[in-house]
1. Would you check if there is a residue in the stretch 411-425 being open to solvent by 20 Å² or more (accessible area, probe 1.4 Å), part of a helix (DSSP H, G or I) and modelled with pLDDT under 90?
2. For the stretch 371-405, name all the residues that are of a type in the set (A, V, I, L, M, F, W, C), within 23 Å of the chain's Cα centre (by Cα) and within 30 Å of S214 (Cβ to Cβ).
3. When the residues of the stretch 529-546 are narrowed to those that are open to solvent by 10 Å² or more (accessible area, probe 1.4 Å) and in contact (Cβ under 8 Å) with a residue 12 or more places away in the chain, which ends up nearest to D580 (Cα to Cα)?
4. I need the full set of residues from the stretch 42-62 which are open to solvent by less than 10 Å² (accessible area, probe 1.4 Å) and either modelled with pLDDT under 80 or part of a helix (DSSP H, G or I) (or both), in order please.
5. On the basis of being open to solvent by 90 Å² or more (accessible area, probe 1.4 Å), over 48 Å from the mean Cα position of the chain (by Cα) and closer than 23 Å to A559 by Cβ, does Q775 make the cut?
6. Give the stretch 168-197 a look and list any residue that's surrounded by fewer than 22 Cβ atoms within 10 Å (Cβ to Cβ) and modelled with pLDDT of 80 or more, or say none.
7. If I ask for residues that are assigned to a helix (DSSP H, G or I) and closer than 30 Å to I549 by Cα, which ones from the stretch 684-710 would you list?
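The values are calculated or read from the model by the stated rules, or taken from the named source; none is laboratory data. None of the values given here were measured: they were computed from a predicted structure. Every residue, glycine among them, receives a Cβ derived from its backbone with ideal geometry; neighbour counts consider all protein chains shown. Only protein heavy atoms, including side chains, enter the accessible area calculation; ligands, DNA and RNA are left aside. Shrake-Rupley method; radii C 1.70, N 1.55, O 1.52, S 1.80 Å.
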Amino acid sequence: MVNDIYRFDEFELDPAGRFIARNGVPVALSPKAFDVLKYLVINAGRVVTKEEIFKAVWPDSFVEESNLTQHVSALRKALADRSRYIVTIPGRGYQFTAKVQGPPHADPRDGLQAGEVLVQRTRERTQVVIEETLPAPVTAPASARIALFHQPRFWISFALTGVLIACASTYLWMRPAQVRDHVQVVIADFDNSTGDATFDHTLNKVVQIDLQQSPYFTVVGEGRVRQALRMMGRKPDAPINAIDVREACQRLNAQVYLVPAIASLGGRYVISLTANSCADGATIGARREDVDSKAEVLRAVEQTTSLIRKYLGESRTSLRRFDKSLYLERTSSLDALQAYSEATRMGNSGRPDEAVRLFRRAIELDPNFAIAYADLSSMYYNLGDTTSDKENIAKAYALRDTVNDFERFMITYRYQQSVTGDLHAMRDTLELCSATYPRNNLVLADLANHLTWIGQYSESAQAAQRAIQLNIAIGAPLNGISLDIAARAFKHLGQYDKALEYYNAAVEQKVDSGATHGIALQIAALRHDEKEIARQIAWSRGTTSESHILQEAAMAALADGKVRDSDGLFIEATNAARRDHMEADLASIDAYRLRILVEMGFMKKAKAAMAAFTGEDDALDKLYAEAEIGDADQARAIALRRQKEYPEDTLVNAEYAPSVDAALALRSGKPAEAVELMRSAEPYEMRDPTIAYLRGHAFLAAKMGPEAAVEFRKLIDNPGIDDPLTPLHALAHLNLARADALEGHKSDSREEYKKFFAQWKDADTDIPVLQLGRQECADLQ
């Protein structure tokens, strides 16, 4: 097959040499991408089914269809295809449409030839890859490359017969990995033959943390690996051994799998780590280290992993920057790490109380364990214990210089989130982290979520889409968090169909949550689709999401002026929360409801709800309602105290406290002062409809009709920004009618009144603000 060269346009493909060039310049492809291209080229002109390709390229493995799709996508990029060569035939497969010149004896249905992998392996073992200082671009592997994040690298190969380095108690063997700018890794469980259970899961955590500090690697989580094992028919709780991990690696479209082991030999401990190619199982590199005592094992595992990183192609520059040890000093931290490893497993298994106990145990054993403090704070954050959250993240932040770059980014962000509240610093941290670790989709998801929080919905949607595209590019299953954030961002933008695409994807992938269904319910309510609202409520019944969904439905009913229906749904939500011991989760929306009842004119109802309110109101909505109809002095004093307690908190100082002061100014007949107080909140007006609504009211009270109209039109033009839904958009029509009347535009005013009444055509008739609006419209005649 030496002379069996296939040519199309400016390309030459050599099947035997596993080589493709464009105008004589090599085109870098992953092994499986090359195999897919070869099969398409030698079968040019006919439609090749996906099943054919699977049998030819992956004859002994089950591979998901997304794997093939990603390889085809990568081929199109590598060939500058734009569907010119590889055409997708919907429902059937692919067709290679270029005119191919091949050897005269070539069989158009020829498959992969036996021995080709052996030829490739022998050739690769005669090379060693050395990185030079001057960078030049290379092509990333098919399953890992995203052009936006490509980082160039320049490589030179030298033909050698082999490399073997032996030194005292260590040895290594390596072959150069394929040139790539990123590697996705699957890790088998440590083969622990020492009989010491302390090493179980613990040492895997060391390897994982060491790899994850590098932007060059993505470590496939244990949950995804075990999901792949279940599909393979393996027991989900069985150890992930060397045999199973390779097949899982192929299913997950990763490039490398690691097989670690620890054994005891004559009172010494032997740690070994082998890196293997997922494509063919060949060893890329291996390292073994012997140590004299148990106390030295952690250090040996870290050193071993660090060398394996080098063998897998990580640059010297990257290794120098991202190679920080888990422990700066030799300590008795192995037990602490064991407790920490088990704590993370408990947290991932939905056992937060047990996770908290183990995190605290890890900290007791090692008081300088920064990552344990940080993860414990996150656990408290999710449990709603804000005091313990702040206490522990502050301790982690004080120790942030003891951790690697990635963990320091995360600790800094969590500290800014829970302690300072500085929105601009949070965004800077997330953007810098995302730029440093461009393939970490969860960082992108955090950034998208943050952008939603500050009302930057277009940017949020873009970041969420990038997170999803990154998931697809690395062959990972779609992430429920990213889908939820994308759906929410597009809902805020008013692009409801686009939002529902992400909702449907989450449902199809079985990664939907109560938050995702809450978004679908909001869209149904905005479209007045009562059947869909009922369907979402029915979905929630008996689940831990029931109270949340019922609260969403209650606010949606309130938005349509159906106060009695809303009251009933709030009672149901409370009962469901008590059943599930989740009463604390109701506080945020319950406080918001107080504020909305005031705007609807239900002063007595709002005061009664205010007196019965027991939850902590982080959003200060209860305090705002207090400023409007309660104890003015107390409201002002609390707002002032919050500002002193949180001097760096952006929203406390730009929106929350100024809103309280503005409400008090309006209550005292000082609308001009209220207008000035609300100027600081203007950059965040799209994150919370009450900002524009309050400013509009201040302008109305100051007899500034045109300025008031601008504010109320913001709400009318952006009905999707509410989360949860509120009646403020319907009430915006009422207040716009008032602004038009103030300017003498009676015809325009009557039109806005009509729009208000049309939106509340099914509303309860005894709503004070509705009754007042009808009287105002009648007087306008």
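1. No: the stretch 411-425 contains no residue that is open to solvent by 20 Å² or more (accessible area, probe 1.4 Å), part of a helix (DSSP H, G or I) and modelled with pLDDT under 90.
2. Listed by number, the residues that qualify are I371, A372, A374, L376, M379, I393, A396, V403.
3. Step one: list which residues in the stretch 529-546 are open to solvent by 10 Å² or more (accessible area, probe 1.4 Å), which gives 529-535, 537-539, 541-546.
Adding the requirement that they be in contact (Cβ under 8 Å) with a residue 12 or more places away in the chain leaves 532-533, 537, 539, 543-546.
Working: E532: 25, I533: 22, I537: 16, W539: 16, T543: 9, T544: 6, S545: 9, E546: 9 Å.
Here the residue is T544.
4. First, pick out the residues of the stretch 42-62 that are open to solvent by less than 10 Å² (accessible area, probe 1.4 Å): 43, 48, 53, 57.
Within the stretch 42-62, I53, V57 qualify.
5. Details: open to solvent by 90 Å² or more (accessible area, probe 1.4 Å): yes; over 48 Å from the mean Cα position of the chain (by Cα): yes; closer than 23 Å to A559 by Cβ: yes.
Yes.
6. Correct list: D189, D191, N192, S193, T194, G195, D196, A197.
7. Within the stretch 684-710, Y684, P689, T690, I691, A692, Y693, L694 meet the criteria.
Conditions tested, residue by residue: (1) over 27 Å from A254 (Cα atoms); (2) at pLDDT 85 or above; (3) hydroxyl-bearing (S, T, Y).
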site	(1), (2), (3)
R330	yes, no, no
R345	no, no, no
L365	yes, yes, no
F369	yes, yes, no
L376	yes, yes, no
E391	yes, yes, no
